[in-house]
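A quick write-up on the structure given underneath.
The values are calculated or read from the model by the stated rules, or taken from the named source; none is laboratory data. Values in this document were obtained by computation on a predicted structure and should not be read as measured data. Every residue, glycine among them, receives a Cβ derived from its backbone with ideal geometry; neighbour counts consider all protein chains shown.
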Amino acid sequence: MAVKITDISLQAKNKDRVNVSIDGKYAFSLDVYQVGELGVRIGKEYTEENLAELLDESQFGKTYARALEYCLMRPHSSKEVKDYLWRKTRPSLRKDGSKREGISQAIADRVYDRLKDKGYINDDAFARYWVEHRNQTKGSSKRKLMNELRVKGVALGSIEQAFEQSSRNDEDELQKILNKKRSKYDSEEKLLNYLARQGFSYGDIRTALDVTHEGE
């Protein structure tokens, strides 16, 4: 049984998407570029199988747009993006309490591949961003930054390359933290233990504290 597209109209809140009606009723939405790419037009008829393919394209377009927004908020590692898309495959609840099925893994994979092809997923670039911008004013040890990047799934080679290209060093990072935290500790031992928990070596900590004492 064939169905016919009876209306295509721009969405009121998102001019980049259109609502598609079939036999007089809203059926799904598409990105504007998808309309031309898929040859969707008023009066065109589709079989149920063809319609199912359009519904998949609708879901792909919406998921890609949201994933792109996620990537543009700040750089993300490939693992972060995969985790984000995996969550999209899980069922969720609508505001009215009804269940919404997640997207298929095939769509999640397509979205990931397009983001990667477009350059929005790049672990080398992400590692450089993380090293340069993470706690830039507060200070962070190299060990702490490396552990964070490992948790985010970045390969050791990309992490090491990011540090090689960075001017950050533990001596300067220690001074940043000392400038902010020293007055909050009533003993040097407590301060030393805090700095050790932040990933700094005992030798670097002792040197930084000794230099601070000399300046007093």
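Test residue 186 against the criterion of being surrounded by 17 or more Cβ atoms within 10 Å (Cβ to Cβ) and out of contact with any strand residue (DSSP E or B) (no Cβ under 7 Å at 6 or more places or on another chain), and give yes or no.
So residue 186 does not fit the description; no.
Of these, 143, 150, 197, which one is surrounded by fewer than 15 Cβ atoms within 10 Å (Cβ to Cβ) and touching a Gly at 6+ places or on another chain (Cβ under 7 Å)?
None of the other options fit; the residue is 143.
Select from segment 24-54 the residues that are of a type in the set (A, V, I, L, M) and either more than 30 Å from residue 82 (Cα to Cα) or surrounded by 13 or more Cβ atoms within 10 Å (Cβ to Cβ) (or both) and list them in ascending order.
27, 30, 32, 35, 38, 40, 42, 51, 54
Here are some conditions: (1) farther than 24 Å from residue 3 by Cβ; (2) in contact with a strand residue (DSSP E or B) (Cβ under 7 Å, 6 or more places away or on another chain). Residue 44 meets all but one. Which one does it not meet?
(1)
Looking at (1) of a type outside the set (Asp, Glu); (2) at pLDDT 95 or above; (3) part of a loop (DSSP other than H, G, I, E, B), find the lone condition where residue 138 falls short.
Every condition holds for residue 138 apart from (2).
Restricting attention to segment 81-103, and to residues there that are out of contact with any Lys or Arg (no Cβ under 6 Å at 6 or more places or on another chain) and surrounded by 15 or more Cβ atoms within 10 Å (Cβ to Cβ), which single residue is nearest to residue 52 (Cα to Cα)?
89
Only one of 132, 160 is surrounded by fewer than 16 Cβ atoms within 10 Å (Cβ to Cβ), more than 19 Å from the chain's Cα centre (by Cα), assigned to a helix (DSSP H, G or I) and not assigned by TED's automatic domain parsing to the domain that holds residue 32. Can you tell me which?
Among 132, 160, only 160 is surrounded by fewer than 16 Cβ atoms within 10 Å (Cβ to Cβ), more than 19 Å from the chain's Cα centre (by Cα), assigned to a helix (DSSP H, G or I) and not assigned by TED's automatic domain parsing to the domain that holds residue 32.
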